[in-house]
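Structure first, commentary second.
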Amino acid sequence: MEVDKKDERESESSEQVVNPWEVSAKDGGKIDYDKLIDKFGCQRLDESLIDRVQRLTSRQPHVFLRRGVFFAHRDFNEILDAYEKGDKFYLYTGRGPSSEALHLGHLIPFMFTKYLQEAFKVPLVIQLTDDEKCLWKNLSVEESQRLARENAKDIIACGFDVTKTFIFSDFDYVGGAFYKNMVKVSKCVTLNKAIGIFGFSGEDPIGKLSFPPVQAVPSFPSSFPHLFPGKDNLRCLIPCAIDQDPYFRMTRDVAPRLGYSKPALIESSFFPALQGENGKMSASDPNSAIYVTDTAKEIKNKINRYAFSGGQESVEKHRELGANLEVDIPVKYLSFFLEDDSELEHIKKEYGEGRMLTGEVKKRLTEVLTEMVERHRRARAAVTDEMVDAFMAVRPLPSMFE
């Protein structure tokens, strides 16, 4: 049983809170990912696995792998074992549509999932949990559905292959085989277990209690009979941020009891807010995040005004002591998005030893993010309603495993 002692409510006598709806560290400090790995019971992603990915795919590992953005996993080694033997798998990730536009933190799992889809040449299902956001964010059904479709355009703009990708909204798709699996999962999870995993209270709407199976069952291929007929043993790999782990601890616990394979996970750290590494970006604070709709001027202003610096209080002191790279947000953002490894190391060395100033680092970050956001904006502008319909159409994917 994977969820036994891991299921304590996250807020009980804990130094940090990490669950699907809240991420915070003790006294506003940094998230301790080593403690999180120990508490959740997952494994750290080590260099040997990254080397295997490179060998099996014959391509350089994604920057998010090389720099430890995706740092933890559950059974990723088994996925690679199966792939090496010639067995395929499929990918599953998702988005809770609660805002009109995505910020950079939202893009990270999709950027990485696109890499995995291309590297391993496997199909992908993307769940838009418009029902979840209707329950948790007090949005109307209609507004949740509208936001799901708008977010789908941002997801498609990441460059997914329409012949290998199925995007679905829960409000549109749940039923049939998918709903049967939801009921099977629901029968295996007691109320006490759900409260232990997710921290539900007597004041929560009952819809919240019934939601976890909805997020669980896309990891079972039988939930998609139009995609995977007769492939009920197909393994699933879920790229996600580590705050989603509670859903899949529950899923992995019940899967063998239903005759299904446990989904494997590869999990990322959080993309920090501009103000500092004490959690993750928040859609409720627009100045904590860079959005894909931000203009070049807005990006520059946010970085210059709000990006927390590890530089010293005066140029003289900075030249003497150098920057504290552990707390410097511009360097952390460059670690996510600057592709050139040698340039990143050069910046870290020069800035850390005081030869490069904060303003120079922020200027380089502004250039990197402006180019990235402009590229995304152009791609999104090219996404038509007909393209969205094509990705969301319930149809076989003819080139799934080619």
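Read-outs: derived from the displayed coordinates by stated rules, not from any lab. Keep in mind that what you see is a predicted model, and the values were worked out from it rather than measured. Note that we place each Cβ from the backbone using ideal geometry, even for glycine, and neighbour counts take in every protein chain shown.
Before rounding to the nearest 500, sum -39500 (n - 2.57) across all DSSP H runs of length at least 4 in the chain and divide by the residue total; then give [θ] at 222 nm in deg cm²/dmol.
-13500 deg cm²/dmol
If you split all Cα-Cα distances of the chain into 20 Å bins from zero, what percentages do you get per bin, shortest first?
That works out to 26, 59, 14, 0, in percent per bin.
Starting from 0.36 nm per residue, how many nanometres of slack lie between residue 32 and residue 201 once their C-alpha separation is accounted for?
Extra length available between residue 32 and residue 201 comes to 58.2 nm.
For the stretch 251-353, which GluC sites (Glu not before Pro) are both in a DSSP coil and crowded by at most 14 other Cβ atoms within 10 Å?
Here the sparse-neighbourhood loop sites are 313, 326, 339, 353.
Give a residue-ordered list of calculated ³J(HN,Hα) values for the stretch 313-322 (Karplus: 6.51 cos²θ - 1.76 cosθ + 1.60, θ = phi - 60°; whole Hz; x for Gly, Pro).
6, 9, 4, 4, 5, 5, 4, 7, 9, x
Using modelled backbone amide H atoms (1.01 Å from N, in-plane), which distant-in-sequence or interchain residues come within less than 5 Å of residue 72's amide H?
45, 267
Distance from the Cα centre of the stretch 193-266 to that of the stretch 58-126, in angstrom?
Cα centroid to Cα centroid, the span is 17 Å.
Once Rh for the stretch 161-258 is found with the Kirkwood sum over Cα pairs, what is the Stokes-Einstein diffusion coefficient at 25 °C and 0.890 mPa s, in µm²/s?
Result for D is 169 µm²/s.
Given the pairs 26/349; 39/302; 85/262, which span a C-alpha to C-alpha distance of over 23 angstrom in this model?
In this structure, 26/349; 39/302 exceed 23 Å between Cα atoms.
Short version: ³J(HN,Hα) in whole Hz for each residue of the stretch 179-189, in order, from phi by Karplus 6.51 cos²θ - 1.76 cosθ + 1.60 (θ = phi - 60°), x for Gly and Pro, what are they?
Those phi angles translate into 5, 4, 5, 4, 5, 4, 5, 4, 5, 9, 10 Hz.
Could you run the Karplus curve 6.51 cos²θ - 1.76 cosθ + 1.60 with θ = phi - 60° over the stretch 217-234 and give me ³J(HN,Hα) per residue in whole Hz, x for Gly and Pro?
Result, ordered by residue: 7, x, 7, 10, x, 5, 6, 10, x, 6, 9, 10, x, x, 10, 5, 9, 4 Hz.
For a quick check: with amide H placed at 1.01 Å from N, whose amide H comes under 5 Å from residue 235's, ignoring anything fewer than 5 positions away on the same chain?
Placed amide hydrogens put 90 under 5 Å from residue 235.
Enter the mean projected area of the convex hull around the alpha-carbon atoms of the stretch 286-381, in nm², rounded to one decimal.
Approximately 6.0 nm², given one-decimal rounding.
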